[in-house]
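Below you will find the structure I want to go over with you.
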Amino acid sequence: MADIVILGAGVSGHTAALHLSRLLPKGHTVTVVSPNSQWNWIPSNIWVGVGKMSKKDVVFPLAPVYAKKGVQFRQAKAVGIHPRGDAESQRPAVDIVHTSPARDGETERIRYDYLVNATGPQLKFQMTEGLGPHGGHTVSVCTADHAIEAAAALEASIAKLKSGQRQTLVVGMGHGTCTCEGAAFEYVFNVDHELREAGVRDLARVVYLTNEAELGDFGVGGMTFDDMGFETSSELWTGSLFRERGVEAVLGVHVTKVEPGVVHFETLDGQMHSLAFDFAMLLPPFGGVPLAAYDRDGSDITSELFAPSGFMKVDADYSGKPYEQWKASDWPKTYLAQGYDNIWAVGIAFAPPHQISKPRKTPTGTMIAPSPPRTGMPSGVMGKTAALSIVDRIKHGPGAKAHEASMANMGAACIASAGAGLRTGSAAAMTMMPIVPDYDRYATGRDLKDTRGELGLSGHWVKLMLHYLFIHKAKGRLGWQFIPE
Amino acid sequence: MTDMTSTPAETPVPVADLSRAPLPTAATLRKRKSVPIQLTRFAVFNTRIMRMVLKGDH
């Protein structure tokens, strides 16, 4: 009988847990360790952040779902891995610290046969002085609670606009190495929609502050679309939307500091700028969660398992070759940790081998490089892939071939949807196939048949549909397994 | 290309020049809200997602 431990209950970890509980015979244990008691459908935090949805619409308690599925749940954070066991046992283990009110601070060592690291991101607001809702001067939509604060701040700005006061609203990235530009893009689209709905758009200046060197980069180096028989770029497509909506874009930005009502930043040309704001939603850079690794004798082997960023090294090419030389084949396929055939790192937890967007430096040496996105659809697919590999190894022996799901052979949809209701919303909807461009297979890096961008009400319907479908799936309700990741 | 726009209280910020980005025509804006057209687009978009799922490493 095998013991499987999953660190994290986000999209990838939760997906892995559901599939393992479905596919494994009785007798094996699946234990999920997550510091949060609730599951959060993060894409819909955007709607919470403009007051269109409440927190209860985007979260639900994990414990009842795991109880129903026979999965053990520890509300705790993982702090250490012993991949070769410890002085007491050769069986590997993880150290956790409980975070539930009943057991807060209690430590526990859990033995495992298979480990899935799906710890997600550490929100590193501290990398930019004054950034974020925890003692900083900006809001965020990274968590449902952050989004509630953002909605309140936006409402206050709209109230001032209604009283005739001009307002500057800034949305974007709080550091030069941020990822998830798509989320900031969606949020600015929603803010613009709310301002128009409130009838105050003409009094508001809306600024999109981004680390992307070009609009429409989205951390994936942009996309080429087939539009009526012509190749067009996501840059032109996104620029059109910004122009139509009157949203100002400031590109190639590294935010250096935020003071009350003022954001300071450097641009790619090395110039320093300041922008006064009344409302600012700036996303933080991501890092791996603090997780150390130890050998049997207790010596620290963290650098063996993790990259300096805190993300886990997997079956990718980390040789550090120049950006111009990277290949789609450098990207991981199995997500097995380097040197271990029983540890997987999925979702944001794995270390990308390199940027997809071209990394740039300012003349002063500041790195401005959007990090590769690996949330949403790819996260779920990776979680399922790890689960299938574990199931095969348990059923057919440790030599069973690991399942593969490379981001260079995986598609994704990104839908920036605004508004509520079936007739009043709108959306900018994109699909890309594959996420990591493969120039050996496609002249433009991606399959033009499936790499598309379109604007309209239908994207809004898709986003609403995905909201309800994925929450249905995450609750493990009837037929959940037939809903693709 | 950038132009410099700011309010007097701010240091100028380099706002991207989007004046060459195409604007949608009135017909395009109507199509984006047309329920019959958007129902078709909805079906097409979902078909594309399913095609990606079926042919990729999903």
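The values are calculated or read from the model by the stated rules, or taken from the named source; none is laboratory data. What you see is a predicted model; the values in this text were computed from it and never measured. FYI the Cβ positions are ideal-geometry reconstructions off the backbone, even for glycines, and counts take in every protein chain you see. These area figures cover heavy atoms from the full protein model, side chains too; ligands, DNA and RNA do not enter into them. Shrake-Rupley method; radii C 1.70, N 1.55, O 1.52, S 1.80 Å.
Among DSSP bridges having both ends in the protein assembly as shown, what percentage is antiparallel? Round to the nearest 5. It would help to have the intermediate numbers written out before the result.
Values: 53 of 88 bridges.
The answer is about 60 percent antiparallel.
Okay, next question. What do you get for the angle between helix A:181-197 and the principal long axis of chain A? Use alpha-carbon atoms, 0 to 90 degrees, nearest ten.
So the helix axis and the longest Cα principal axis differ by about 40 degrees.
I want the local charge near A:C180. Using Cβ-Cβ distances under 14 Å, sum +1 for each Lys or Arg and -1 for each Asp or Glu among the other residues. Don't skip to the answer; put the middle values down first.
Values: positive: A:K124, A:R374; negative: A:E181, A:E186, A:E212, A:D217.
Local charge sum for A:C180: -2.
Cβ neighbours within 10 Å, averaged per peptide: list A:361-368, A:331-338, A:428-435 in order, most packed at the top. Mind dumping the intermediate values first?
Working: A:361-368: 14.2, A:331-338: 22.2, A:428-435: 25.1.
Averaged packing, sorted descending, gives the order A:428-435, A:331-338, A:361-368.
Ballpark to the nearest 100 Å², how much total accessible area do A and B bury together, probe 1.4 Å? Don't skip to the answer; put the middle values down first.
Numbers: alone 19750 and 5640 Å², together 21690 Å².
Separately minus together, A and B give about 3700 Å² buried.
Which entries in A:K449/B:K33; A:K55/A:K160; A:K77/A:K321; A:K26/A:K473; A:K56/B:K31 show an alpha-carbon gap greater than 30 Å? It would help to have the intermediate numbers written out before the result.
Values: A:K449/B:K33 24 Å; A:K55/A:K160 25 Å; A:K77/A:K321 35 Å; A:K26/A:K473 22 Å; A:K56/B:K31 34 Å.
Cα-Cα > 30 Å for A:K77/A:K321; A:K56/B:K31; rest within.
Hey, can you grab everything whose amide H is under 5 Å from the amide H of A:I415? Only 5+ residues off in sequence or another chain; H modelled, so Pro and N-termini drop out.
Here A:M430 satisfy the definition.
Kindly express, to the nearest 10 degrees and within the range 0 to 90, the angle between helix A:11-23's C-alpha long axis and the longest C-alpha principal axis of chain A.
The helix A:11-23 is inclined about 40 degrees to chain A.
Follow-up question, since we're still on this one. Once each part is reduced to its C-alpha centroid, what is the distance from the range A:3-64 to the range A:220-247 in angstrom?
That distance is 34 Å.
Report, by chain and number, residues whose modeled amide H sits under 5 Å from the one on A:T177, excluding near sequence neighbours (fewer than 5 apart, same chain).
Amide H to amide H, under 5 Å and 5 or more residues apart or across chains, A:T177 pairs with A:A369.
Give the peptides A:69-82, A:166-179 in descending order of average Cβ contacts within 10 Å, highest first. Intermediate results must be reported in sequence, preceding the final value.
Details: A:69-82: 20.6, A:166-179: 25.2.
The peptides rank, most packed first, as A:166-179, A:69-82.
Accessible area per residue for the protein assembly as shown in Å², computed with a 1.4 Å probe and the full protein assembly in place, what is it? Kindly include the intermediate steps, with their values, before the conclusion.
Values: 21690 Å² over 543 residues.
Value returned for the protein assembly as shown: 40 Å² of accessible area per residue.
Which value in nm describes the separation of the simple spin-label points at A:L469 and A:A443, placed 7 Å from the Cα toward the beta carbon?
Output for this residue pair reads 3.2 nm.
I would also like to ask the following. Excluding A:D192 itself, calculate the net charge of residues whose Cβ lies under 9 Å from the Cβ of A:D192, where each Lys or Arg counts +1 and each Asp or Glu counts -1. Write down the numbers at each step before the final one.
Details: positive: A:R196, A:R201, A:R245; negative: A:E194.
Surrounding charge for A:D192 is +2.
Whenever you get a sec, compute what percent of the accessible area on chain A sits on carbon and sulfur atoms (1.4 Å probe). All intermediate terms of the calculation are to be shown ahead of the outcome.
Values: 9420 of 17960 Å².
The nonpolar share, carbon plus sulfur, comes to 52 percent.
What does the average come to when, for each residue of peptide A:268-274, you count the partner chain Cβ atoms lying within 10 Å of its Cβ? Walk me through the numbers before you get to the answer.
Values: counts 1, 2, 0, 4, 1, 7, 6.
Per residue, the average neighbour count from other chains is 3.
Please turn the phi angles of the range A:372-382 into ³J(HN,Hα) values with the Karplus equation 6.51 cos²θ - 1.76 cosθ + 1.60 (θ = phi - 60°), one per residue in order, whole Hz, x for glycine and proline.
Each residue's phi maps through the Karplus curve to give x, x, 8, 9, x, 3, x, 4, x, 4, 4 Hz.
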